[in-house]
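Contents: one structure, followed by commentary.
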Amino acid sequence: MKKINLTLIIFFLGLFPYINLHGQGCVAIRSFSGCGTGVGGGAILLPGESTAGMNFRYFHSFRHFRGTEEEKERLELGTEVINDSYFADFSYTYAFARRYYASLTIPFVYHERSSMYEHGGNSLGDRHKTYSKGLADIRFAVGHWFLDPKKHPIVNVALAMGLKLPTGDYDAEGKFYNVGPDREMVTRPLDQSIQPGDGGLGLTVETQTFYQVSSKLILNGSFYYLINPKEDNGTRRREGSTPYAAPDQYAARLSMVYATPLNGLGLSVGGRMECVPVYDLIGGSDAYRRPGYAISVEPGLNYQLRNFLLTASIPVAIERNRTQSYLDKKRERETGEPRHGDAAFADYLINVGVVYRFHKMNQVSNIFNANQ
């Protein structure tokens, strides 16, 4: 009984993002949802079955880091940059053949960014907000489970590959105050961290795996990499500045889920890492980016009721690192002077989601009625 419930919980967790790419703030990691049919041998989708889900995430970034060192004086002086970001991903997964599936994710975003340095400088002390919203970059993937779930019910591995489409606005503009010698209001491109898209056509590679330790405990892991061959998207924060990059991004997650004695309730704990690397796998890296990573501990809970699963988790950052960018390194070599930019990170992320599983119309399944 608990074995079936636990398998279903793990199945649904595989549908939710292990990247948000979340809680990064000024490090412009986009929000991605996992693209698989989930994990758990008894819950891998049969041909003709599908799932639909919605995931909501929020973070508030405000702590500045240069490398792994926090610049606490930014908070003390009140000059910190604040990003409030909201994400809503709508996903659909369909099993079109035995062990093969396709997934589509349509994400939407809303960002608010508050700063002084963009509106006349920190010394002026005039804080203003900029905003962005709308459709982000749509993602599509096709995946395959390597092992036959009937023969290997306690362990399996899936690999999915797909495309990230440049559907999100990557040159959204906003109003900036106290700009120039006359302290004018001007309209120009928003900061890279709150652009809904990155402007690149990317290749996504994702793998996920699970291992059922017992009837009460399952381990699972995920890895996701976005290859963005395009070096930059042509958007410049101001005339003459370096254009924004369309950077690679990756994330990894390990977790375990425990089926509690309470009917339908599961507890999970895991660790995750999200990163914008300094260098891309394909293409150049000589464009503006804020590389960095965050490592988080992620406690969560989930509740399964028939074909529905509700989930909630709060990844809490334990390490944040704004790494030295390619441009920083290049200019440091040219000038001989140290150069290392900073970025603001969040302390935690709020992550809530729901998924519904559709069976074939002519299929009589006992999976979701195990407790009746």
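Values quoted throughout were computed directly from the atomic coordinates according to the rules given, and no laboratory measurement underlies them. All of these numbers come straight from a predicted model, not from anything done at the bench. Cβ atoms come from the backbone with ideal geometry, glycine included; neighbour counts cover every protein chain shown.
Worth pointing out:
- Per-residue HN-Hα couplings for region 286-302 [Karplus 6.51, -1.76, 1.60; θ = phi - 60°; Hz; x = Gly/Pro]: 8, 9, 6, 8, 10, x, x, 8, 9, 10, 10, 9, 10, x, x, 9, 8
- Amide H partners (placed H, <5 Å) of residue 49, local residues excluded: 95
- Residues in region 59-96 reached by a label modelled at residue 112 [backbone nitrogen below 19 Å; 7 Å Cα→Cβ]: 59-63, 78-88
- GNM top mover of 60, 128, 144 - the chain, alpha-carbon springs below 10 Å: 128
- Among 312, 343, 97, the largest mean-square fluctuation in a Gaussian network model of the chain (Cα springs under 10 Å) belongs to 97.
- Across region 2-369 the C-alpha pair distances fall into 10 Å bins from zero in the proportions 5, 24, 32, 21, 12, 5, 1, 0 percent.
- Cα-based helix-to-principal-axis angle, 326-335 vs the chain, degrees rounded to 10: 30
- Of 182, 148, the sequence from fewest to most neighbouring Cβ atoms within 10 angstrom is 182, 148.
- Dipole magnitude for region 47-177: about 700 debye, using +1 per Lys or Arg Cβ and -1 per Asp or Glu Cβ, origin at the Cα centre.
- Region 41-134: proportion of alpha-carbon pairs further apart than 17 angstrom, %: 66
- Taking the Cα centre of region 102-206 as reference, the dipole from Cβ charges on Lys and Arg (+1) and Asp and Glu (-1) amounts to some 400 debye.
- Structure-based [θ]222 nm, the chain - -39500 (n - 2.57) summed over DSSP H runs of at least 4, per residue, nearest 500: -2000 deg cm²/dmol
- Amide proton proximity set for residue 64, modelled H, under 5 Å, gap of 5+: 71, 345
- Amide H within-cut-off set for residue 122, under 5 Å, with H built and near neighbours excluded: 117
- Cβ-based charge dipole, the chain, positive-most Cα from 128, 325, 353: 353
- Between 0 and 90°, nearest 10: helix 2-13 axis offset from the chain longest Cα axis: 30
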